Structures are given as structure tokens and as C-alpha cells.
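**Student:** For reference, the structure I am asking about is given below.
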There are 2 protein chains.
Amino acid sequence: MSQQTAADERPFRERLRSQLVAIACRTVAAEGLGALQARRIATEAGCAVGTIYNVFGDIDGLILAANEVTLDLMGEPLRHALAATEGMPCGKRLLALADAYTEFARSHPLPWRAVFEHRLQPGRELPERYGEKRAKLLSLIEEAIAPEVPDTESRRRAARALFAAVHGIVALAFDNKLQPFDRVETEREIRFIVEAAAAGLVKAL
Amino acid sequence: MSQQTAADERPFRERLRSQLVAIACRTVAAEGLGALQARRIATEAGCAVGTIYNVFGDIDGLILAANEVTLDLMGEPLRHALAATEGMPCGKRLLALADAYTEFARSHPLPWRAVFEHRLQPGRELPERYGEKRAKLLSLIEEAIAPEVPDTESRRRAARALFAAVHGIVALAFDNKLQPFDRVETEREIRFIVEAAAAGLVKAL
């Protein structure tokens, strides 16, 4: 009997989980990370606040689940950019990835921002699946530079550094941090850092 | 008579301004930008909330004044790093600037974060003096790359891109965004992007 109950329970719990994640994503997309509050999500889902904690552990768990959806969405145009530049020089491939990333950030401003705004409580570990999705995205950059950087550890480091560099340019540009936002100028800054880094890639490693 | 009143009033207003900025800086350093609220600053200064709006226009005005102090503080180690590497190759000078920047961020985490967290209300313009201080900081990078990049516009763009790239690495590292924070690894990522960019500087422009 208890096995039967467990079998019946799982699909409901999974459906509930999906529903809560969908509401969380919608909320972040419309109003940003600050609007993602347990009480509000529970009200919209028609469940108790305790149910959210039951399913996700804590509010961080729900935020990370919503951010995972954003990582999945982001992967699509990035994989497309990489496939479209197969066989081209590393600088061109990196630029295609950077452009796809910028366009994703521009067209999904609040979910994109939420991925970087969210900070885990000290001591709270990142779920394994989240780490895997992140690693998969970074592996797209690793693939682009693989011919130039055969050593695995150096390649991972270079990929992280390149991602963070482009992300820094995009994030500061969208926030008007170094000058009022200028799309063409932002593209030029990205092109500069990517082409300079690609040109100096072998020398620097 | 009215001239006399104006003359007497000015020093008081300036003293009041300094006092409010000092309280704001202390508050940000202890608890971050979120704690910088008009009511709280007014209580601590023993003035009315309206006085803050009177002196700074709005709360953004007070936040920007506190952030200006952070820009001033940041300038000191950066100027020192540049002076200490006078005559050295561009890559070395950029690395010294990047290291000084990272160390500043590490030792002033909340004021540093406040500079980038704060977003102006749409339509609100940045005070001229803030823009000047920012331009002065970016000019330190421009100075480091001047021998390699003679064209002024390209040099300004490269300086912005290099700053944003290093900032991106530091910001994502401190927030454990690409992997758990690792000081040595962060230094290596910065070294990679700076040396690669320096090596490719001429080629890319």
C-alpha cells in the first residue's frame, strides 16, 4: 500500500513543482528577482507557503530552479552560434557566442539579471544539476578555443575568464555604468576584448 | 543683509552635506547599499528627512555622493600601481592596475559593490562631477595602453572594455558565480585576460 501511495504522490509533486517554477519564471520575467517571494508565488499557485519550502527546501531552491530555466533558454542560441561557425577561426566563434549572449541578455533582461543578482545564503551549496548546466554552457566556449588551448585546465580557465569579460562589458553597458548605453559601442567593446584575447590566446597561456 | 545671510548659510550647508555623506559612507561600508535609506540617515544626523532631499535633491543624490567617495578612495591605489610600473610594458602596467583594483574590491566589498549595484531612476542624469571622477579613473588605463593605442577613441574604448572585463571576472568570482571563490584562480583568470588582451592589443584595433 505504501508503495502505491508513493507512486501516486510523485507525479502530483512533479506537476506542482513545474507549476511553481513556471509561476516563478513568469514573475521574474515581469518584475525581476525582487518580486520572487514565497507568499506571492504560493498565492498564485493556490498552495500554502509551506508547500514551497516542502518542494524546494527554501526560497533559494525556487530561485535556483527558475534560474536553471534561464540557463536552459540561454543554451539554445549559444549552441546555435557555435554550430553556425563550425570550422571558423577561434576569434570568429567567440564573437558569435558573445553576440548571442548579448542578444539573449537584451531580450531576457530580468531573468538574465536574476541569474547574477541572486546570492546563495552562506553555507548553502549549489544544487548539482545547476552546476552541471553552468558547466555545459561554459563548455561551449571551451569548444570554441579547444584548437588553440589543448590543456584542459588552461582551457577551462580561459573560458571562465572570457565569459566573465564579455559578461562584464554587457552588464556595465546595460546599467550605463561607464557611459550612457550605446549598442554599437558595446558591440565594439566586445569585439575588441574578444579579438584581442583571441589574438593573444596562445601567447598568454 | 541678504548677502550676509547667504554667506553665513553656505558653510553650514557644506558642513551638513559632509556630515550626511560621511554617515552614508559608514552605513554602506557596514551594511551595504540597501541600508542607505533617507529616514535612517536623517535620524543618525539628527536632521529631518526633508533636509536630505533639500541638500541632495533625492536619495539617488546622496547615494551618488557616497559612491563618489568610493571612486576617490579607489583612485589612490590605482594611481600608485600606475606610477610603480612607469616605463614597463603595457601588459605589466595593466596587470598592476587590475591587481590594485581586485585588492580594493576585496578590502572595500560593500562600498565597491554599491558603486555597481546602484541604478539611477530612468531620466535622472549622472552629476557632472561623478562623470569626471569616473573618466579620471578610466584615464589611468588609457595611460597604460597609450603607447600601443595612439588613436584617442580606440584607446577610450579599449580602456572601457579592459576595465569591464576585469571587473566582470572580479565580480563573478566574489559572488561564486562560475565556481566557488578561489583567490589564486581569480588572479590567474585576470592574468589570462589582461595578458591575452595586451598581446593582441595592436592586432585588434
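**Student:** Name the residue that is nearest to B:L120 (Cα to Cα), counting only residues in the range B:4-59 that are among the acidic types (D, E) and modelled with pLDDT of 95 or more.
**Tutor:** In this case the residue turns out to be B:E31.
**Student:** Being surrounded by 13 or more Cβ atoms within 10 Å (Cβ to Cβ) and in contact (Cβ under 8 Å) with a residue 40 or more places away in the chain is true for just one of B:A135, B:A144. Which residue is that?
**Tutor:** B:A144
**Student:** Could I ask something else about it? Answer yes or no as to whether B:A173 is in contact (Cβ under 8 Å) with a residue 24 or more places away in the chain and among the aliphatic types (A, V, I, L, M).
**Tutor:** no
**Student:** Among B:E189, B:E153, B:E148, which is at the interface with chain A (Cβ under 8 Å from one of its Cβ atoms) and farther than 14 Å from A:V194 by Cβ?
**Tutor:** None of the others qualify; the one that does is B:E189.
**Student:** Would you point out which residue out of A:G91, A:G50, A:G87, A:G34 is in a loop (DSSP other than H, G, I, E, B) and over 24 Å from A:E132 (Cα atoms)?
**Tutor:** Of A:G91, A:G50, A:G87, A:G34, the one residue that is in a loop (DSSP other than H, G, I, E, B) and over 24 Å from A:E132 (Cα atoms) is A:G87.
**Student:** Moving on to the next point. When residues of the range B:113-126 are filtered for being within 18 Å of B:V170 (Cα to Cα) and either of a type outside the set (K, R) or not in a helix (DSSP H, G or I) (or both), how many remain?
**Tutor:** Looking only at that region, the number is 5.
**Student:** Does A:A135 meet the test of being over 23 Å from B:G200 (Cβ atoms) and either of a type in the set (K, R) or assigned to a helix (DSSP H, G or I) (or both)?
**Tutor:** Criteria met by A:A135.
**Student:** Same structure again: Of the residues A:L110, A:L172, A:L178, A:L140, which is at the interface with chain B (Cβ under 7 Å from one of its Cβ atoms) and in a helix (DSSP H, G or I)?
**Tutor:** A:L172
**Student:** Determine whether the range B:30-39 contains at least one residue that is surrounded by fewer than 14 Cβ atoms within 10 Å (Cβ to Cβ) and within 30 Å of B:A144 (Cα to Cα).
**Tutor:** no
**Student:** Would you pick out the residues in the range B:29-54 that are without any contact (Cβ under 8 Å) to a residue 60 or more places away in the chain and aliphatic (A, V, I, L, M)?
**Tutor:** B:A35, B:A38, B:I41, B:A42, B:A45, B:A48, B:V49, B:I52, listed by residue number.
**Student:** Taking the conditions exactly as written (in contact with a Pro (Cβ under 8 Å, 6 or more places away or on another chain) and under 23 Å from A:A164 (Cβ atoms)), does A:L64 satisfy them or not?
**Tutor:** In short, yes.
**Student:** Hey, among the residues in the range A:90-130 that are farther than 18 Å from A:R79 by Cα and among the small types (G, A, S), which one's surrounded by the fewest Cβ atoms within 10 Å (Cβ to Cβ)?
**Tutor:** Once the filter is applied, the top-ranked residue is A:G123.
**Student:** Can you give me the number of residues within the range A:57-70 that are without any contact (Cβ under 8 Å) to a residue 60 or more places away in the chain and within 13 Å of A:R129 (Cβ to Cβ)?
**Tutor:** Of the residues in the range A:57-70, 2 are without any contact (Cβ under 8 Å) to a residue 60 or more places away in the chain and within 13 Å of A:R129 (Cβ to Cβ).
**Student:** Does B:A158 fit the bill of being under 20 Å from the mean Cα position of the chain (by Cα), surrounded by 20 or more Cβ atoms within 10 Å (Cβ to Cβ), within 10 Å of chain A (Cβ to nearest Cβ) and aliphatic (A, V, I, L, M)?
**Tutor:** Yes; evaluated as a whole, the condition is true for this residue.
The values are calculated or read from the model by the stated rules, or taken from the named source; none is laboratory data. Computed from a predicted structure; not experimentally measured. Using ideal geometry, Cβ is built from the backbone for each residue, glycine included, and neighbour counts are taken over all protein chains shown.
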